[in-house]
1. Can you list residue pairs whose Cβ atoms sit under 6 Å apart, with the first residue in segment 104-132 being under 23 Å from Gly55 (Cβ atoms) and at pLDDT 70 or above and the second being outside any loop (DSSP other than H, G, I, E, B) and among the basic types (Lys, Arg)? Count only pairs 6 or more apart in sequence or on different chains.
2. Do we find a residue being within 30 Å of the chain's Cα centre (by Cα), of a type in the set (D, E, K, R) and more than 29 Å from Ala275 (Cβ to Cβ) anywhere in segment 32-51?
3. Here's a check for you: in segment 99-126, which residue that is β-branched (Val, Ile, Thr) and buried (at least 17 other Cβ atoms within 10 Å of the Cβ) is farthest from Leu160 (Cα to Cα)?
4. For segment 72-81, state whether one or more residues are at pLDDT below 95 and buried (at least 21 other Cβ atoms within 10 Å of the Cβ).
5. Of the numbered conditions (1) in a helix (DSSP H, G or I); (2) out of contact with any Leu (no Cβ under 8 Å at 6 or more places or on another chain); (3) at pLDDT 60 or above, Val184 satisfies every one except a single condition; which is it?
6. What do you reckon, is Leu95 at pLDDT 90 or above, surrounded by 15 or more Cβ atoms within 10 Å (Cβ to Cβ) and among the aliphatic types (A, V, I, L, M)?
7. Taking Leu90 as meeting all but one of (1) surrounded by 17 or more Cβ atoms within 10 Å (Cβ to Cβ); (2) farther than 20 Å from Met200 by Cα, write down the number of the exception.
Amino acid sequence: MTEATEIPGGVFRDARAGASARREHLLHERRAEYALMPHTLRRIYVRRVARAITGAAAGLSGAVLLFGALSPSVHDALGQLTPGASPAVLSTVLLAGWVLTTVTYFVARCYAEDRYARVTSSTVRESADVFGDLDRLAQLKPFSVAAQMAARVEAPSVALPLLGLALLLPATVVFGWLWIRGGVFPNPAEFEYAMFAHTMTIVPAIALLGALAFAFAWRMRGQSHDDLARPSRLGDTVALGIGALVLTTFAAAVGKPAILAGIGLVGFVAAAHVAATWVLRERTHIDMVR
């Protein structure tokens with residue numbers, strides 16, 4: 001009796017040859033898709049990641065500044081890191097925060113470019129696992145992976161910049177007001193006194209603003225193109241109310257409600273409007289290349 005193993009092409013035939021041929025076909029298709037994939041998705045992803053990371057850097061700088069104004073121990077620890085015999089701690093932290101935020105934007109763009117290239121190119125690479133490659137190549141397309149990457153960072157790219165603005169803008173407005181009022185670079189001691197005296201007043205309002213910034217970004221995810229395009233969209237209305245609450249509270253604390261609240265209010269409304277406009281434009285571009 002003849003055994004099955006002796007039958008040419010029998011039931012024990014190795015399936016790798018067919019799987020390899022199928023993998024080569026899928027690799028050819030995916031690499032063609034990857035080569036022809038528009039750069040729009042890459043630019044959107046890079047901008048969104050850069051905005052999110054930059055907003056986080058601004059938020060971190062603002063949080064350090066607030067903690068330094070609230071806690072003497074934190075202030076003293078920051079003083080150990082600040083140059084000079086009589087260091088201007090809070091002024092240095094504020095200016096360094098803006099420098100850090102600016103530098104972070106460009107570093108974040110480089111990081112996002114590299115990550116985008118690594119993740120999308122991994123969809124067209126082959127490995128030693130033929131059958132694993134078949135599953136991956138059948139399910140993952142370069143365009144779909146890129147679109148998902150951009151979609152995942154949409155909400156952080158809106159929420160984190162608003163949060164960073166909420167934490168860093170109030171102190172910046174005070175610093176700018178002291179500069180304009182005096183006509184010269186502000187006295188660090190005067191700035192520190194204003195921060196020591198009034199930071200506790202604005203912390204609850206800033207916390208509320210931060211929470212609502214995330215809610216604003218989350219709600220934007222579910223809004224249609226038409227909703228985002230409306231001049232009276234919810235985002236601007238919410239930003240208007242929150243900006244008025246936070247900046248009026250802070251401005252009242254330092255005694256200049258009309259000027260400081262007006263500056264801060266314009267800043268928050270403009271930021272929310274720009275964020276919604278960016279998201280609308282980016283979604284339109286993604287739909288155009290689908």
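1. What qualifies is Tyr116/Arg42.
2. Step one: list which residues in segment 32-51 are within 30 Å of the chain's Cα centre (by Cα), which gives 33-51.
Of the ones still in play, those that are also of a type in the set (D, E, K, R) are 33, 42-43, 47-48, 51.
Add one more test, that the residue is more than 29 Å from Ala275 (Cβ to Cβ), and what stays is 33.
Yes, segment 32-51 contains at least one residue that is within 30 Å of the chain's Cα centre (by Cα), of a type in the set (D, E, K, R) and more than 29 Å from Ala275 (Cβ to Cβ).
3. Here is the first cut: in segment 99-126, the ones β-branched (Val, Ile, Thr) are 99, 101-104, 107, 119-120, 123-124.
Checking the rest, the ones that are also buried (at least 17 other Cβ atoms within 10 Å of the Cβ) come to 101, 104, 120, 123-124.
Values: Thr101: 12, Thr104: 14, Thr120: 25, Thr123: 30, Val124: 33 Å.
This residue is Val124.
4. Applying the first criterion (at pLDDT below 95) to segment 72-81 yields 72-81.
Pick out the ones that are also buried (at least 21 other Cβ atoms within 10 Å of the Cβ) and you get none.
Checked against the condition, which is being at pLDDT below 95 and buried (at least 21 other Cβ atoms within 10 Å of the Cβ), segment 72-81 yields no hits at all.
5. With (1) in a helix (DSSP H, G or I); (2) out of contact with any Leu (no Cβ under 8 Å at 6 or more places or on another chain); (3) at pLDDT 60 or above applied to Val184, the lone miss is (1).
6. On the way: at pLDDT 90 or above: yes; surrounded by 15 or more Cβ atoms within 10 Å (Cβ to Cβ): no; among the aliphatic types (A, V, I, L, M): yes.
No, not satisfied.
7. With respect to (1) surrounded by 17 or more Cβ atoms within 10 Å (Cβ to Cβ); (2) farther than 20 Å from Met200 by Cα, Leu90 is out only on (2).
The values are calculated or read from the model by the stated rules, or taken from the named source; none is laboratory data. Keep in mind that this is a model prediction, so the values were computed, not measured. As a convention, Cβ positions derive from the backbone with ideal geometry for all residues, glycine included, and neighbour counts pool all protein chains shown.
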